[in-house]
Structures are given as C-alpha cells and as structure tokens.
1. What does the highest-first list of 225-236, 102-113 look like by mean Cβ count within 10 Å?
2. Assuming a ≥ b ≥ c are the square roots of the Cα gyration tensor eigenvalues, decide whether segment 115-251 counts as rounded (a/c under 1.5), prolate (otherwise, with a/b larger than b/c) or oblate.
3. With a point put 7 Å past each Cα toward its Cβ, work out how far residue 104 is from residue 60 in nm, to one decimal.
4. Multiplying the sequence separation of residue 254 and residue 189 by 0.36 nm and subtracting their Cα-Cα distance, what value in nm do you get?
5. Subtract the Cα-Cα distance of residue 280 and residue 210 from 0.36 nm times their separation in residues, and report this length gain in nm to one decimal.
6. How would you classify segment 186-329 from its alpha-carbon gyration tensor, with a ≥ b ≥ c the square roots of the eigenvalues: rounded for a/c under 1.5, else prolate if a/b is greater than b/c, otherwise oblate?
7. Just grab the label-to-label distance for residue 119 and residue 311, each label 7 Å out from Cα along the Cβ direction, in nm (one decimal).
C-alpha cells in the first residue's frame with residue numbers, strides 16, 4: 001500500500017498536517033510536564049488540562065487544515081493549468097497560449113511552454129505548407145503528361161503511362177487529404193453519429209462493397225464532422241480492400257464513444273501493429289496500388305482520434321482479421 005499521495009496537492013497537504021500533528025504532540029508533552037507540576041502544587045484538578053488540550057488541538061487542527069488547503073491549492077493550480085494547456089495543445093495546434101502570471105517560477109515555466117508551443121506550431125505549419133505546395137504543383141505536370149500520353153499510338157504503352165499517371169495522381173490526392181486533416185480548422189459541432197455512419201455505410205454499399213453497421217450512439221458527439229467521416233471511411237476502405245468486407249460497430253458509454261471496424265482478412269503481424277499507423281508505412285513492399293494504397297489511411301484515422309483527444313487501437317481478432325477501434329472521449 002502506497003502511503004504517499006500521487007498528486008502534489010495531496011503530498012503538500014500531508015506534509016503540512018504531519019508537521020502540525022508533530023507540533024501539537026510536542027505541545028502535549030509540555031502540557032503534561034506542566035500538569036504534573038501543577039497537580040503536585042494542588043493548583044488544578046486532574047481533568048482540567050486534558051480537556052483544554054483536546055479543545056485546543058481540535059481548533060488548531062481545523063484552522064490549519066483549512067488554511068493549508070487554500071495555500072496548497074494556490075501553489076498547485078499553475079501546474080494544473082500547465083498540464084491542461086499541454087493536453088489542449090496536443091489536440092489542437094491553435095489552442096491559446098498559457099497565461100504568464102503568478103510567481104516567478106510559474107511565469108518562467110509558462111513562458112518556456114509558450115515558446116515551445118510557438119516553435120512547434122511554426123515547424124508543423126512550414127512542413128505542411130511545403131508538402132501541400134509540392135503536392136499541389138504536381139497536378140499541372142501530371143495533367144500535361146496525361147494529354148501528351150494520348151498522342152502515343154502504341155496502345156499498350158499509352159495504357160502503362162496512364163496507369164503510372166493514375167498512381168501519381170492518387171499519391172498527390174492522398175497527401176493533400178492527409179495534410180487537410182492535420183490543418184483542419186473546422187469548428188467542433190454536435191454530430192448525429194448514427195446518421196453519419198448510416199450515410200457512410202449506404203455510400204459504401206452503393207459502390208457494391210460489403211459494409212454493414214451495428215450498434216448505435218446514445219447521444220450526439222461533439223467533434224469535427226469531416227475529420228471523423230474521413231477517418232471511418234478510411235478504416236472501412238482498408239477493411240474491404242484487405243478483408244473483402246467491413247463491419248462497423250458502435251459502442252457508446254458515458255465517458256467515451258467507440259467506433260470499431262472489423263474485417264476477415266489476414267490481419268497484421270503483431271510486430272507491425274505499432275508502426276503501421278505512421279504516414280507512408282506499407283507492409284506490402286511492391287508499392288503497387290493494386291495491392292495497397294499510399295500508406296496514409298491508418299495515419300489519417302489515428303490523427304483524427306488524436307485531434308479529438310482519443311486514440312486508434314489495432315488488434316488481430318482471435319477468429320482472424322483485423323479490428324480497428326476509434327476511441328473518442330466525450
């Protein structure tokens with residue numbers, strides 16, 4: 001059993017109360033020594049001092065604990081704000097900076113955090129702009145290549161060139177889609193998840209894909225509509241591509257909403273479950289789009305979960321296939 005509290009608030013309170021009790025028991029020892037002398041002189045009754053000491057101890061303990069709670073709360077509150085700001089920044093790059101107020105140590109910590117936040121925000125923005133610019137600018141030469149390919153008389157060669165252009169076009173579109181998810185500034189809104197998932201499943205079924213839906217959300221979810229739709233659509237596409245079918249399951253609770261997509265495919269080797277959600281990671285080494293995509297589907301789904309303060313969990317099902325679960329805290 002751990003005697004020391006886990007929180008700083010609890011530890012400081014325990015130290016203050018322990019110090020108070022030590023001081024009070026030292027006072028008790030002095031009272032008892034004085035009581036012995038007074039009793040010997042016959043100046044006091046035997047029951048007087050213990051009752052007065054008990055009242056004194058109770059009043060002192062109550063006053064010191066009340067003051068300690070207020071003082072410790074003032075000391076630990078800046079650390080709580082720092083933790084909240086770090087958590088908010090992890091979910092939203094546009095989160096406001098931390099207020100630089102309070103004692104010197106607190107102000108210095110807030111200033112350092114704000115500088116780090118600004119540097120990270122600038123670094124990510126510059127990387128996103130560079131990749132988006134390159135991906136966007138590739139569209140023009142790809143279009144010219146497609147037009148020039150039509151001038152080639154050899155049909156087999158023309159088909160091969162058009163297939164390569166299609167692969168490059170898909171890579172560009174996937175990269176832009178991924179960057180849009182990272183920079184998405186869509187404000188959170190109340191989402192009817194049942195309607196969203198039903199619409200997505202209906203669209204998949206209209207394309208002839210074996211996608212089914214089970215379960216329902218008990219209440220609307222506050223989040224970013226386009227981000228969540230893109231994430232679930234990517235998971236369903238992966239399930240159909242590798243497992244020939246997708247089962248979307250909804251499990252709702254007071255603390256979190258779980259969206260699970262299952263398939264009946266070969267699954268993923270256990271050693272690769274952690275790295276397969278990284279951008280541009282593909283387990284299939286041929287790099288052919290016929291046997292796999294660009295490697296951004298799971299990365300987009302993971303980032304969608306992180307934006308909402310949740311996570312994406314992958315596991316191989318005991319009966320075969322992969323289970324991908326978006327855990328979205330309410």
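Quick note: the coordinates plus some simple rules give every number you see, no bench work behind them. Owing to the predicted nature of the structure, the values given are computational and were not obtained by experimental measurement. So basically every Cβ, Gly included, is an ideal-geometry build from the backbone, and we count neighbours across all protein chains shown.
1. Numbers: 225-236: 21.6, 102-113: 14.2.
Packing order, densest peptide first, comes out as 225-236, 102-113.
2. Working: a/c = 3.17, a/b = 1.28, b/c = 2.48.
Since a/c reaches 1.5 but b/c is at least a/b, the shape of segment 115-251 is classed as oblate.
3. So the two model labels end up 3.4 nm from each other.
4. Values: separation 65, 0.36 × 65 = 23.40 nm, distance 1.83 nm.
Contour length minus the Cα-Cα distance gives 21.6 nm.
5. Between residue 280 and residue 210, full extension yields 22.6 nm more.
6. Details: a/c = 1.62, a/b = 1.43, b/c = 1.14.
Verdict is prolate for segment 186-329.
7. It works out to 2.8 nm between the two label points.
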